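The numbers here are math on the coordinates, done by the rules we state, and not lab data. Keep in mind that this is a model prediction, so the values were computed, not measured. Positions of Cβ are backbone-derived with ideal geometry, glycine not excepted, and every protein chain shown enters the neighbour counts.
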Amino acid sequence: MNVRVGHGFDAHQLAAGRPFILGGVTIPHETGPLGHSDADVLAHAISDALLGAAALGDLGGHFPDSDPQWKGADSMRLLAAVHELLARHGWSIGNIDATIVVQKPKLAPFIDDMRQRLADVLELDFAAVSVKAKTSEGMGYTGDGSGIAAYAVALIDRSRLTDSRRS
Ligand SMILES: [Zn+2]
């Protein structure tokens, strides 16, 4: 067994007139996360969890804010690139568990769509991708409508590579 765990965190301000995209799913709302890319806070937290598990740096290092080619970028494509990078290093993904923290909008109707989009990009079973939504009970930036945060953990596995090297 050769498994590792990684943790990711991301947060963005919410601003009027921005698209609200989480896990590649567009959610109707009057504000949306502000950022250089599409500011998909869930995709960003999961990307950092995966990179962290493999000790391959972080999303900002691979796709810098300062680089105009990532302006407005589809973060699910960045997540796919992270998945490819891990695969090149021999890592396959075991499972993902993520929590989004925001007061509004209510995310429950969109959770399974997010899980399916993420599972498709990461080539995982639906059951291996968990997404949960929480409020912070009105407290802090995630409670007053000024921001959104996401946390994620990822398990990755290199047993197959290790086994094939042994044989
Ligand atoms: Zn972000």
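Brief remarks on what is shown
- Nearest 10 degrees, 0 to 90: helix 41-53 Cα axis against the chain principal axis: 30
- Dipole in debye (nearest 20) - the chain, about Cα centre, beta carbon charges: Lys, Arg +1; Asp, Glu -1: 360
- Between 0 and 90°, nearest 10: helix 111-122 axis offset from the chain longest Cα axis: 40
- Summed over qualifying helices (DSSP H, 4 residues or more, each -39500 (n - 2.57)) and divided by its residue number, the chain shows a 222 nm mean residue ellipticity of -9500 deg cm²/dmol.
- With both residues required to sit in region 55-167, DSSP beta bridges show an antiparallel share near 60%.
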